[in-house]
Amino acid sequence: MTSATTYETHPGLPETIAAVPEALRPWFAGVESPAASEGPLSPPDDSAQHEPYTYVPDAATKLVVRTDADGRRDVVVVGPRTRASYYASRRPASCVQLRLEPGTARPLLGVPATDLLDRVVRLADLPALAARQLAAELRTTSAESIVPHLARALPDQLPPPGDSRTGLLRAAVEAMSPSADHRPDGVRELARRLAVSERQLRNLFADGVGVSPKLYARIARVRHLLAHRSPAVPWAQLATATGYYDQSHMTADFRTLMGVPPTSYFTGRLPAAQPCRPLDRAQSR
């Protein structure tokens, strides 16, 4: 069996996220610059050493700018991931990832977030003129200059997503995200508190996040569990604090999203690593 990549060092997890400048906060929640390669985006390299790593589920959409060891630059969009993936890694690459705020996909990329679900597509293949212009700019911008360049250029090129639907969506996402001092709301409770129907809430999430409210909550709970698992905390206590009904609910949900139960994951008994998959191409619209 392969050993588990720890949550703290895995690319794209909350501990690695740095704040973005104020000018970019309408579009981006944070920026990540992991040293490890984004395996599914790497070109084949039979001479590279293959070491297993894990992509955990993630409801965020990311704009990823990566430079391979041979200097080739690519700008891609990584959509929400609904299941864990276990890959054999390829050679390292410089990689900058920007996590989109909920409600940003359509104004920035020209597509609803649900169209990006479980996909990796080139930014230049998306239909919005702003997306294609952004791809051209980022292909010629050095890694250390990406965030400053966006902070200067993006506010002038694109109106920030700031309508009432976006504000409502972001309030809903926050309410459904577990934290140390907050047990997440349920879908019915949240819809009632926000004075919307459950159907309206589902439509907001599909367009602005890419997954349903219930799936978002499941992904958020698993990620919280991965971040806060401690041998000193009993499983039942952690399950309740994370928003599960009980420990059996937590185990079943974790197995569905991660492919193995919690005890197997945290002791390194993982599914076999798979070959890296190629990029998807965006469908014509």
Mind checking whether some residue in the stretch 53-67 is of a type in the set (G, A, S) and modelled with pLDDT under 90?
no
Pick from A206, A282: which is at pLDDT 95 or above and under 30 Å from P127 (Cα atoms)?
A206
Is it the case that the stretch 264-279 has a residue that's buried (at least 17 other Cβ atoms within 10 Å of the Cβ), in contact with an Asp or Glu (Cβ under 9 Å, 6 or more places away or on another chain) and at positive phi?
no
Looking only at the stretch 149-169, count how many residues are open to solvent by 60 Å² or more (accessible area, probe 1.4 Å) and either more than 17 Å from L98 (Cα to Cα) or in a helix (DSSP H, G or I) (or both).
8
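Scan the stretch 6-32 for residues that are modelled with pLDDT of 70 or more and outside any loop (DSSP other than H, G, I, E, B) and jot them down.
Filtering the stretch 6-32 down to residues modelled with pLDDT of 70 or more leaves 17-32.
Across the stretch 6-32, the qualifying residues are A18, E22, A23, L24, F28, A29, G30, V31, E32.
Please state which one of E174, E189, E144, E137 is over 23 Å from R25 (Cα atoms) and without any contact (Cβ under 8 Å) to a residue 40 or more places away in the chain.
Working: E174 fails: over 23 Å from R25 (Cα atoms); E144 fails: over 23 Å from R25 (Cα atoms); E137 fails: over 23 Å from R25 (Cα atoms).
Result of the check over E174, E189, E144, E137: E189.
I need the full set of residues from the stretch 149-171 which are under 22 Å from the mean Cα position of the chain (by Cα) and under 30 Å from R122 (Cβ atoms), in order please.
Quick first cut of the stretch 149-171, residues under 22 Å from the mean Cα position of the chain (by Cα) only: 150-151, 154, 160-162, 165-171.
Of everything in the stretch 149-171, those that are under 22 Å from the mean Cα position of the chain (by Cα) and under 30 Å from R122 (Cβ atoms) turn out to be L150, A151, L154, P160, P161, G162, R165, T166, L169, R170.
Restricting to the stretch 199-222, what's the tally of residues that are surrounded by fewer than 19 Cβ atoms within 10 Å (Cβ to Cβ) and under 25 Å from G162 (Cβ atoms)? Show your work before the answer.
To start, the set of residues in the stretch 199-222 that are surrounded by fewer than 19 Cβ atoms within 10 Å (Cβ to Cβ) comprises 199-200, 202-203, 206, 212, 214-215.
Then drop every residue that is not under 25 Å from G162 (Cβ atoms), which leaves 199-200, 202-203, 206, 212.
Of the residues in the stretch 199-222, 6 are surrounded by fewer than 19 Cβ atoms within 10 Å (Cβ to Cβ) and under 25 Å from G162 (Cβ atoms).
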When residues of the stretch 170-184 are limited to those that are of a type outside the set (K, R) and surrounded by 15 or more Cβ atoms within 10 Å (Cβ to Cβ), the one farthest from R221 (Cα to Cα):
A172
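Inside the stretch 174-282, counting only helices (runs of 4 or more DSSP H) that do not spill past its ends, which hold 1 or more residues that are more than 19 Å from R83 (Cα to Cα), out of contact with any Leu (no Cβ under 6 Å at 6 or more places or on another chain) and among the aliphatic types (A, V, I, L, M)?
Numbers: elements: 187-194, 198-208, 213-228, 235-242, 247-258, 262-266.
Per the criteria, 187-194, 198-208, 235-242.
The values are calculated or read from the model by the stated rules, or taken from the named source; none is laboratory data. Model, not experiment: these values are computed from the prediction. Cβ: placed from backbone, ideal geometry, glycine included. Neighbour counts: every protein chain shown. These accessible areas exclude ligands, DNA and RNA; they are computed on the full protein's heavy atoms, side chains included. Shrake-Rupley method; radii C 1.70, N 1.55, O 1.52, S 1.80 Å.
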